[in-house]
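Down below is the structure, laid out as structure tokens.
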Amino acid sequence: MRETQAPVSGGRAARQGALTLPLSAVDPAEGARLSSGSPEVDRVLGGGIMRGCSVLVGGEPGIGKSTLLLQVAARASVPGRVLYVSGEESAAQIRLRADRLGLTRDGLELMCSGDLSQIISALERVKPDLFVVDSLQTVASAEAGAVPGTANQVKYCSLELADWARERGSACFLVSHVTKDGVIAGPKAAEHTVDVVLMFEQSDSDVRFLRSAKNRFGSTDEVGLFQMGERGLEELDDPSSVFLVRRDGANPPGSAVAATWEGTRSILVEIQALTVPGKASLTRVFSERVDAARVSRVAAVLEKHVGLRFSDQDIYVNVAGGMRLSEPGIDLALAAALYSARSGLPLPPRVALAGELSLAGEIRRVRRMKGRSRAAKALGFDTVYGPQDTAAASSEAGDGWSVVGRVDEAVKKLFS
């Protein structure tokens with residue numbers, strides 16, 4: 001008769017010599033989530049910190065990675081000890097930053113070293129429920145070479161630290177630098193060794209965005225929003241207040257409000273467009289926050305189905321607040337902004353738009369249209385234009401918004 005082991009995690013079973021582990025023998029409580037102490041970090045992680053998970057946090061120098069993770073180390077609701085390992089700062093510098101931010105915690109241990117063997121020894125001694133390594137590029141092992149930050153060092157050290165966390169049920173946060181192209185420094189294989197990859201970005205308006213590029217325990221559609229204040233990184237209670245421009249009079253030509261859906265919430269942002277005659281036979285599209293190929297596609301759809309010429313124009317597109325938009329539901333607002341800029345006609349006040357635009361000029365259904373409409377109405381927008389909801393009984397109206405089926409129909413309603 002085959003013997004069945006007691007419930008243990010897969011990593012510990014492998015170290016004990018077991019070849020297989022029945023699914024029924026796994027304790028589901030080992031996958032419980034813990035709060036990071038920050039609602040925005042919990043949102044991006046998928047609801048909190050998973051036991052045994054490894055999280056890689058990347059971002060440009062000075063954006064606030066160390067500040068954010070020191071806040072997580074001090075505020076996370078883990079029952080045991082927390083270890084903060086720094087290879088870039090001294091213990092006194094970390095203590096000064098903690099005092100400035102008002103961070104205190106019993107059981108928070110500091111270690112300033114870049115030697116992997118010393119870090120593993122400290123982990124075995126302290127046995128933390130959560131540990132932070134800042135940063136991965138400063139950690140080196142004699143088995144992977146002599147120089148920190150090389151490709152072998154990044155892969156080897158990240159794998160060793162992630163394995164230790166997985167086998168002991170501890171949560172691990174690894175800070176990583178980015179290259180000049182904005183990607184995680186080191187080979188992509190370093191991202192495969194961890195469970196979650198978070199990217200920290202900053203807009204021109206000093207808003208910080210925390211996005212998930214990989215998440216084995218949740219969605220990658222969520223975005224966390226922060227602002228740097230006197231007490232460190234603070235969550236934005238009303239994100240739309242940053243991305244909307246409040247005006248007393250009429251809207252200027254070229255501006256339209258898009259009701260976007262990011263993860264589990266709707267955020268209203270203003271898309272701004274400008275068109276000027278091209279100075280050469282080859283026209284250009286200048287757009288950093290919205291993909292330039294999408295701008296060209298929407299302009300081509302307008303030229304084909306509305307009859308407004310864009311092929312001789314240079315097109316500039318911006319997003320107020322500096323948020324990067326990739327969701328399909330912004331197409332209708334982008335089309336309205338481009339039409340307004342090209343025609344010189346402003347959109348009506350207090351109007352928000354959502355919908356995906358097809359090449360045939362149709363406005364396709366987008367997810368969470370009801371939520372977008374409710375969020376827009378709560379912020380004082382009188383009218384929301386969007387596609388027909390297939391779940392609605394009537395084809396004439398949406399559930400709280402005005403239905404438009406084609407882009408030429410939307411243009412007539414907006415600019416008649």
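A few points about this structure:
- Residues that are under 24 Å from Val196 (Cα atoms), part of a strand (DSSP E or B) and modelled with pLDDT under 95 do not occur anywhere in segment 155-167.
- In segment 341-375, the residues that are under 23 Å from the mean Cα position of the chain (by Cα) and part of a loop (DSSP other than H, G, I, E, B): Ala354, Gly355, Val366, Arg367, Arg368
- Residue match in segment 342-356 (condition: surrounded by 20 or more Cβ atoms within 10 Å (Cβ to Cβ) and out of contact with any Leu (no Cβ under 8 Å at 6 or more places or on another chain)): no
- Verdict on Gly249 being touching a residue at least 60 places away in the same chain (Cβ under 8 Å) and either more than 16 Å from Phe381 (Cβ to Cβ) or part of a helix (DSSP H, G or I) (or both): no
- Restricting attention to segment 116-133, the residues being under 23 Å from Leu34 (Cα atoms) and among the hydroxyl-bearing types (Ser, Thr, Tyr) number 0.
- A count restricted to segment 235-253 and to residues that are surrounded by 16 or more Cβ atoms within 10 Å (Cβ to Cβ) and closer than 30 Å to Asp99 by Cα stands at 3.
- Selected residue [assigned to a loop (DSSP other than H, G, I, E, B) and buried (at least 18 other Cβ atoms within 10 Å of the Cβ)] from Gly218, Gly224: Gly218
- The set of residues in segment 119-151 being assigned to a helix (DSSP H, G or I) and within 25 Å of Pro61 (Cβ to Cβ) consists of Ile119, Leu136, Gln137, Thr138, Ala144, Ala151.
- Of everything in segment 298-335 that is polar (S, T, N, Q) and either outside the structural domain of Leu357 (by TED's automatic domain parsing) or assigned to a loop (DSSP other than H, G, I, E, B) (or both), the residue that is surrounded by the fewest Cβ atoms within 10 Å (Cβ to Cβ) is Ser311.
The values are calculated or read from the model by the stated rules, or taken from the named source; none is laboratory data. Note that the structure is a prediction, hence the values are computed from the model and not measured. Note that we place each Cβ from the backbone using ideal geometry, even for glycine, and neighbour counts take in every protein chain shown.
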